[in-house]
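Below you'll find the structure, written out as structure tokens, and then a few comments.
Just so you know, all these numbers are worked out from the coordinates, no wet-lab data involved. Please read all numbers here as calculations on a predicted model, not as lab measurements. No Cβ is skipped: glycine too gets one built from the backbone with ideal geometry, and neighbour counts run over all protein chains shown.
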Amino acid sequence: MTARPGAQLLAVTSGGTIPDRGMYSVLLPEGEEQAGSRRVGELDEEMVYESRVNDIITLGATSWRIQQITRDQVIVTPAPGRSARLPFWRGEGNGRPAELGEMIGDFLHLLADGAFFSGTIPPWLAEENTIANIQGLIDEQRNATGIVPGSRHLVLERCRDEIGDWRIILHSPYGRRVHEPWALAIAGRIHALWGADASVVASDDGIVARIPDTDGKLPDAAIFLFEPEKLLQIVREAVGSSALFAARFRECAARALLMPGRTPGHRTPLWQQRLRASQLLEIAQGYPDFPVILETLRECLQDVYDLPALERLMRRLNGGEIQISDVTTTTPSPFAASLLFGYVAEFMYQSDAPLAERRASVLSLDSELLRNLLGQVEPGELLDPQVIRQVEEELQRLAPGRRAKGEEGLFDLLRELGPMTVEDLAQRHTGSSEEIASYLENLLAVKRIFPTMISGQERLACMDDAARLRDALGVRLPESLPEIYLHRVSYPLRDLFLRYLRAHALVTAEQLAHEFSLGIAIVEEQLQQLREQGLVMNLQQDIWVSDEVFRRLRLRSLQAAREATRPVAATTYARLLLERQGVLPATDGSRHSLPQHRQAFMRAWMA
């Protein structure tokens, strides 16, 4: 095992296990610190985005005026005695442990039974006003729901919201670590029964869901009950599509050095990290055994969720040791106030786009009909032939400055462009034939590449493609390949087609069929599947292009068109205008201008 170029710098500058939360350092101006550090504290990225110079904020027990906002820091000066805005930090709570939740539930039962007040009351609760407030809250909750929720008795509360839909509130003290995986299963069940997104939100004190107004049977406690083993299976399958998984994947990818920053020591905006992580996750989801995917699943299921506690709770519910009472209220109960406050905050800043717009895959349109309706031209007609040739050379690493260098560059050619002959590699490498032969000999010796026959040609392939070539094309592999490279691949032919399309500007089905020695029907069927998935585009009858490459071609073509458009002198425009009107001496204008004025002449004759 040898390190790739730049690996040492990456490990030194991007290493660490503490996840980046996107915080800005708050500092005093240079030279104005007294005794001690310039550092005042930290501010959340979203808080800084909503702040401006001269705003006054509170950090600690002091007010501060924002003097300057840079890409990494917020410079502040003291502003004592001034009214200030309180900062906020967006982050995840650790969640209440299930053991503490059960103790809180037992305490609520003592309050509801009156046993707590009949015994010795701690000094911090002995004040008359404190006891009256607690007793008043318990009485209001009992009057609203009939029973005070606790560790041995959960309450399912149903009430209408401001627009008439049903809010389903489960009062449970067992904490977010138990409620969040439970909420995943509940969301799936509600979607299966009512066909709508339940917008389920979990907190330490319960679970809140929303169901559209219905004339049918209202949801009861049955939607919260699952077989323990089935529930755990549902959670494991559903966690991969949750927001928690996406956030934890970003952190795991950063720890695995998959998301290095451009400049060491400088802050990378959190929103850019999220975009990069979402793209990486989209690619990695095609590889279920990807180590970062597995680590993210482990972190969610073991470190964040408390699945053993959820399993115990479900067994106690099914066994009757813990009961669930359901009640319909006209207004939310007192205990529901904090739950609904958090529920509203969860959706307050979401975009106004409906679900159908956020999930374009739900809607299927006839693109040909839509193009005719809107009067759009074919996308391929907008592409500049010269740009197509330039992009093809760049993608194929044939353009000046794009050719590979060294042994690692030779390996990258096979990894990025696919299996190639020695002659094809030589065209894309800056080294001499002797150097290339030496590089290939070293790569073959350490089993990073291997020789194979594809379409009657002897080619060299990257070792990572061994199982993919075997499963998609039936290529015979050398017997000495390591076992780790022989595991089955989920979509081998799709992977080969996508790589080929992303390494060329425009591709035809015949070109793909010849490259991989496949029948044209198989190629066309696979291309249609990729088109339905939105990964490729069919520009004309048999012209295909990757969506990523098309965006590049379109942008470069538009730039070329703008550069080709040059301003002309006013006299040139005036001559063109007179020529169009047919009034120049050298033109026979009457033949063109009379038809344009026919209607005016006819009205004059009729008058």
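Per-peptide packing, taken as the mean over residues of other Cβ atoms within 10 Å, places 311-320, 402-411 in the sequence 402-411, 311-320 from highest down.
When region 18-92 is described by a simple charge dipole with +1 on each Lys and Arg Cβ and -1 on each Asp and Glu Cβ, the residue from ALA84, MET23, GLN68 located farthest towards its positive end is ALA84. Only DSSP H runs of four or more residues enter the estimate; each adds -39500 (n - 2.57), and after division by the residues of the chain the mean residue ellipticity at 222 nm equals -14000 deg cm²/dmol.
Three principal axis extents of region 131-290 based on alpha-carbon atoms, in descending order, are 61, 41, 35 Å. Which one of ALA247, LEU527, THR430 is farthest out on the positive end of the charge dipole of the chain, using unit charges on Cβ (Lys, Arg +1; Asp, Glu -1) and the Cα centre as origin? Going by the Cα projections, it comes out as THR430. Counting every pair of alpha carbons in region 385-559, the share spaced more than 24 Å apart comes to 40 percent. Length gained on full extension, ASN133 to ALA561, computed as 0.36 nm times the residue gap minus the Cα-Cα distance: 146.7 nm. About its Cα centre, region 434-579 has a charge dipole of approximately 620 debye under the convention of +1 per Lys or Arg Cβ and -1 per Asp or Glu Cβ, with nothing else charged.
The Cα center of region 170-249 and the Cα center of region 25-91 differ in position by 40 Å. Counted residue by residue at 0.36 nm each, then reduced by the alpha carbon distance between them, the extension gain from LEU100 to MET453 reaches 120.7 nm. Peptides 124-137, 196-209, 18-31, ordered by how many other C-beta atoms sit within 10 Å of their residues on average, highest first, read 196-209, 18-31, 124-137. Shown for the chain is the translational diffusion coefficient from the Stokes-Einstein equation, using the Kirkwood radius over Cα pairs, a temperature of 37 °C and a viscosity of 0.692 mPa s: 105 µm²/s. Axis angle, to the nearest 10 degrees, between helix 492-502 and the longest C-alpha principal axis of the chain: 60 degrees.
Evaluated with a Cβ-only charge set (Lys, Arg +1; Asp, Glu -1), the chain carries a dipole of roughly 1740 debye about its Cα centre, given to the nearest 20.
Stretching GLU393 away from GLU282 to a fully extended chain increases their span by 37.2 nm, per 0.36 nm per residue minus the current alpha-carbon distance. Backbone phi angles across region 528-537, fed through the Karplus curve with coefficients 6.51, -1.76 and 1.60 (θ = phi - 60°), yield HN-Hα couplings of 5, 5, 5, 5, 5, 7, x, 9, 9, 10 Hz in residue order; Gly and Pro are listed as x. Footprinting exposure proxy ranking of TRP166, TRP182, fewest other C-beta atoms within 10 angstrom first, gives TRP166, TRP182.
Treat region 380-451 as a sphere of radius equal to its Kirkwood radius over Cα pairs and apply Stokes-Einstein at 25 °C in a medium of 0.890 mPa s; give the translational diffusion coefficient in µm²/s, rounded to a whole number.
Values: Rh = 13.1 Å.
Rounded, D is 187 µm²/s.
Placing a label point 7 Å from the Cα of THR13 along the Cα-to-Cβ direction, the residues of region 63-82 whose backbone N falls under 20 Å of that point are 71-73. Expressed as a whole percent, how much of the Cα-Cα distance distribution for region 233-324 exceeds 23 Å? For region 233-324, the fraction of Cα-Cα distances above 23 Å is 38 percent. Judged by the mean number of other Cβ atoms found within 10 Å, the most tightly packed of the peptides 82-90, 532-540 leads the ranking 532-540, 82-90.
Each part reduced to its alpha carbon centroid, region 389-408 and region 468-536 end up 22 Å apart. Around ARG52, what is the net charge, scoring Lys/Arg as +1 and Asp/Glu as -1 over all other residues with Cβ under 12 Å from its Cβ? Result for the local shell: 0. Sequence-distant contacts, meaning Cα pairs under 8 Å at least 6 residues apart, place the relative contact order of the chain at 10 percent. Across region 13-91, Cα-Cα pairs farther apart than 17 Å form 45% of the total.
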